[in-house]
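Take a look at the structure set out below.
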Amino acid sequence: FTCRSDSLQKNQDLEFERNKERFEFLKWGSQAFKNMRIIPPGSGIIHQVNLEYLARVVMDQDDYYYPDSVVGTDSHTTMIDGLGVLGWGVGGIEAEAVMLGQPISMVLPEVVGYKLLGNPQPLVTSTDIVLTITKHLRQVGVVGKFVEFFGPGVAQLSIADRATIANMCPEYGATAAYFPVDDISIGYLIQTGRDKEKVVCTRKYLEAVGMLRDFKNSSQDPDFTQVVELDLHTVVPCCSGPKRPQDKVAVSDMKKDFETCLGAKQGFKGFQIAPERHNSIVKFNFEGCDFELAHGSVVIAAITSCTNTSNPSVMLGAGLLAKKAVEAGLTVKPYIKTSLSPGSGVVTYYLRESGVMSYLSQLGFDVVGYGCMTCIGNSGPLPESVVEAITQGDLVAVGVLSGNRNFEGRVHPNTRANYLASPPLVIAYAIAGTIRIDFEKEPLGINASGKKIFLKDIWPTRNEIQAVERQFVIPGMFKEVYQKIETVNKSWNALDAPSDKLYTWNPKSTYIKSPPFFDGLTLALQTPKTIEGAYVLLSFGDSVTTDHISPAGNIARNSPAARYLTSRGLTPREFNSYGSRRGNDAVMARGTFANIRLVNKFVDKQGPQTVHFPSGETLDVFDAAERYRQAGHPLIVLAGKEYGAGSSRDWAAKGPFLLGVKAVLAESYERIHRSNLVGMGVIPLQYLPGEDAGTLGLTGRERYTIIIPEKLKPQMNIQIKLDTGKTFHAIMRFDTDVELTYFHNGGILNYMIRKMAS
C-alpha cells in the first residue's frame, strides 16, 4: 500500500491537474463578487467545515442578535440542524437566485415531532441510529415536512451524533431535521474552539428568547402536527441496502437477506440470479497471487462521506477496531479497494494523536483526500483483473461504505450491491471479504497462529471510545486546523485567476462553457403555450433518483458524452467524471439519463437507451432526444412515486430541459427536484389521487397534448389529451404564486435577469 501522504498528495495533484479550469473559475468568482468566500479544495466537506467552523448558531450584526440559518446547494446541508442552526438544501438554480437577492418561497411545512427515549446499547453506533430513523420516517412519510427531535433521549446524543442524524434528512425525505440548541450544543461550540465571549452571548440570547432547550423538561415540548417515537435502546447494529438508504437490515440478518436478494425478482431488493448460480466462484490473479470472487464478495470498502466522518465516536471506533484487528493478526485482501476520506483535517489530527492512524493504514484505510469520495462515485477504477472476474461470472459484487447514498450505479458501475454501514463495520466487512457472513457464528478471519477471531473479540465499547474522545478531541486541534484553512493549500494559492469583472469564456475549454439557457431571452414575457402532441422520451417506475437522471460518476466510453469529448481531442483517461464537467452543458446534456442502471419501460434491459417512436429505433437517450428536437417534437417523461429522490442536483432539471422535455408526469416528487424543475420552466405534473399510468391505461406510446389555461393558479387541475382520444386530468405542481411567476418567465433565472434588467 502507498503510504498516507503519498496517496493524499497524488490525489490532490490529480485534482488540480484535472480541475484547474474549474478552480480558476471559482477563484475568479471570489474576486469578482462581493461577500463571496471560497474554502479551497482539499480542506474538507463543506457540511463538516460548517459544523466545526463556519456556523455561528446566533448571528451578531449591526447591533442585533438573530438565529443563524443556512440554505445550501447540497441536500445534506441539513447536517447543521444537529447544532441548532435551521438549514436545508435547495436546488442550485434556486440558490443562484437567492445569491442575487431573491427570497425563498415555500408552502408552510408541517412539523413532525420525533420523540427520542432511552439510552443506546453499548455496541450501537450513531450510524445504526440514523439508519433506523431513516427507515422509520420513510414509513411514516415526511416528504415536504420539517422534523424536530425532542424528548429525554436527545440529551444522550452528542452534537456529532445529532449531526449524523440530521445529515441523512434527505434520505428520509424531510425538508429539515432540527435539534434545538441545548447546553450540549453550547459545549460543542467551546470544544471546537469558537470565541468564548461570543459563546456566552449566544447562550444569553437564546435563553432570553426562550430558544435554549432542556430536553428532560417535558413542559418545554412544543405542539407538533404529529408525534412519532423511538426508544434508542431498541436500536441494533445494522446496515442499509443493497440499493436504497431506507432498506435497513440488522447485521445479524445480513447474510440471509443478501442471499434472499440474489434470487428475488429484479428490483430494490432483488438481482434475479438463477438459483444454480448462487454459489458461482471465479478465480483470478492479482499481483501474482490467486484469489476467488463470488456473489457477495466485497471489492470496495470506504470510510467516506459527510454523514459519518464528522463524528469522532464512529471514527475513533473504527480506529480502535483496526488496532485490535491488527494486533489479533487480521488483514484485508489486497484487491479490495479501501480508502479513508475524512470530512476535515481535524479528523486526521485526532486519529493520529490517539495512535490509531497507523493501524488504519496497515489495513489499507489510508487518507486519500478530504471531500466527497466513494459516496458520490469518486472511488476510481477497480483493478482490471477484479473487473474481469466480476464480468466473467456476472457477479453481484459489493461495496460497503459509511456514506448516505447507495443508489444503483452511483457508487461504482461494477458493484451492483452497495451497503451503508458505520465506519467500524466497513472495516469488519473488508476483513471478512464478503457480505455473506454471520458475525455471531462465523469468524472474521483466522490469524497466522490458526486462531479464529470473531467480531465480538475486537469490537470497541462505547465507554472505550468515549474515553479516547475525551482525551484527544480538544479545542486546540480545531483552532490549529481552521486558522489556516484558507491559505494552507499551496496549489490553490498559486492559481492565476482572471481579474476582470466579466468572465472571459475560452471556446477551447471542455470544462467551462457559456451556457445556452438565456439564448433568445427577451425583456417582454412570452405567454406559456399548450404543449401539442408531445412524445414520451422515457417511462419509469418508482424511486427514479437524480443519479439516474444526471449521473455524477464515470463517463462510460461508449456514451454520447464520451463521443463528444473524443471529438474534442480527449482520450478516455482525460474524460474525468460527469460531476467535474457540470460547467459544460454539451457534456451534461449528453450525460442526462446516462446511468447504466436506468430502467426504462420502453426497453427490455437496464441502460441509458429509449425507443424513438417515429422510426421505431432503440437509441441512446440523447440521440433520440436530438431526433425529436430536429423534427420539432416536444417531449415529456412519465414516472412513478418519489421521482427525483437523492442529491439536490440542478442538472437533473437542466439536462432534461436541454433535451427538450417540457413536462414530467409523476405520482409524486422529492421536494428539491420538483423545485428545480420549476426553476427551469419544466412543468411538474402529478396524477390525481388514486390514479397512475396503470389505472389510466397509459403505455407511453401515445402522444400527449397538455392544455395550459390562460389563467393559472397554484396546484390547479389541468387537462391532458391523448392522440388515442382519451382525456384525463393532472395536478400542475406549481405550489405558490411565486412559482407561477417563475413559470411565466420560463424559469427562475430568466425571472431574475428580467428583474435586474428592469
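List every residue pair whose Cβ atoms sit under 8 Å apart, with the two residues 6 or more apart in sequence or on different chains, where the first one lies in the range 721-746 and is closer than 19 Å to E96 by Cα and the second, anywhere, is in a strand (DSSP E or B). Final answer for the pair search is F743/I683. The residues of the range 355-381 that are of a type in the set (V, I, T), open to solvent by less than 10 Å² (accessible area, probe 1.4 Å) and touching a helix residue (DSSP H, G or I) at 6+ places or on another chain (Cβ under 6 Å), listed by number, are V356, V367. Residue count for the range 119-151 satisfying the condition of being open to solvent by 40 Å² or more (accessible area, probe 1.4 Å) and either assigned by the TED database to the domain that holds T309 or farther than 19 Å from E642 by Cα (or both): 4. The single condition among (1) of a type in the set (V, I, T); (2) open to solvent by less than 70 Å² (accessible area, probe 1.4 Å); (3) assigned to a loop (DSSP other than H, G, I, E, B) that T724 does not satisfy is (2). For N414, state whether it is under 25 Å from P608 (Cα atoms), in a loop (DSSP other than H, G, I, E, B) and touching a Ser or Thr at 6+ places or on another chain (Cβ under 6 Å). For N414, the condition - under 25 Å from P608 (Cα atoms), in a loop (DSSP other than H, G, I, E, B) and touching a Ser or Thr at 6+ places or on another chain (Cβ under 6 Å) - is not met.
Within the range 623-636, being out of contact with any Gly (no Cβ under 8 Å at 6 or more places or on another chain) and either in a helix (DSSP H, G or I) or surrounded by 24 or more Cβ atoms within 10 Å (Cβ to Cβ) (or both) holds for D623, A624, E626, R627, Q630, I636. Each residue in the range 152-168 was checked for being surrounded by 22 or more Cβ atoms within 10 Å (Cβ to Cβ) and assigned to a loop (DSSP other than H, G, I, E, B), and 2 pass.
Can you confirm whether Y503 is crowded, with 18+ Cβ neighbours inside 10 Å, in a loop (DSSP other than H, G, I, E, B) and not assigned by the TED database to the domain that holds A645? Considered against the rule, which asks whether it is crowded, with 18+ Cβ neighbours inside 10 Å, in a loop (DSSP other than H, G, I, E, B) and not assigned by the TED database to the domain that holds A645, Y503 comes out as no.
Scanning the range 644-666 for residues that are within 18 Å of F728 (Cβ to Cβ) and surrounded by 22 or more Cβ atoms within 10 Å (Cβ to Cβ) yields A663, V664, L665, A666.
Scan the range 195-217 residue by residue and report those that are over 19 Å from G87 (Cα atoms) and either touching a residue at least 24 places away in the same chain (Cβ under 8 Å) or in contact with a strand residue (DSSP E or B) (Cβ under 7 Å, 6 or more places away or on another chain) (or both). If the condition is that a residue be over 19 Å from G87 (Cα atoms) and either touching a residue at least 24 places away in the same chain (Cβ under 8 Å) or in contact with a strand residue (DSSP E or B) (Cβ under 7 Å, 6 or more places away or on another chain) (or both), then K198, C201, Y205, D214, F215, K216 are the ones that fit. Across the range 82-118, the qualifying residues are those that are at pLDDT below 95 and assigned to a helix (DSSP H, G or I), and the one among them that is surrounded by the most Cβ atoms within 10 Å (Cβ to Cβ) is E94. Could you look through the range 458-492, keep only residues that are surrounded by fewer than 14 Cβ atoms within 10 Å (Cβ to Cβ) and in contact with a Pro (Cβ under 8 Å, 6 or more places away or on another chain), and pick out the one that is nearest to D195 (Cα to Cα)? Per the criteria, the residue is N463. The single condition among (1) open to solvent by 10 Å² or more (accessible area, probe 1.4 Å); (2) polar (S, T, N, Q); (3) under 19 Å from the mean Cα position of the chain (by Cα) that S385 does not meet is (3). Does L658 satisfy the condition of being closer than 22 Å to V611 by Cα, out of contact with any Lys or Arg (no Cβ under 8 Å at 6 or more places or on another chain), touching a residue at least 40 places away in the same chain (Cβ under 8 Å) and assigned by the TED database to the domain that holds H548? Judged against the criteria, L658 is a match. Look at the range 489-508: where a residue is closer than 22 Å to A586 by Cα and a partner is surrounded by 10 or more Cβ atoms within 10 Å (Cβ to Cβ) and modelled with pLDDT under 90, sitting 6+ places away or on another chain with Cβ atoms under 6 Å, you get T504/P498.
Residues in the range 169-187 that are in a helix (DSSP H, G or I) and either among the polar types (S, T, N, Q) or under 26 Å from the mean Cα position of the chain (by Cα) (or both): 5 in all. In a helix (DSSP H, G or I) and closer than 19 Å to C372 by Cβ - does that describe any residue in the range 40-47? Checked against the condition, which is being in a helix (DSSP H, G or I) and closer than 19 Å to C372 by Cβ, the range 40-47 yields at least one hit.
The values are calculated or read from the model by the stated rules, or taken from the named source; none is laboratory data. The model shown is predicted, which means the values in this text are computed figures rather than measured ones. Cβ atoms come from the backbone with ideal geometry, glycine included; neighbour counts cover every protein chain shown. Accessible surface areas use protein heavy atoms only, side chains included; no ligands, DNA or RNA. Shrake-Rupley method; radii C 1.70, N 1.55, O 1.52, S 1.80 Å.
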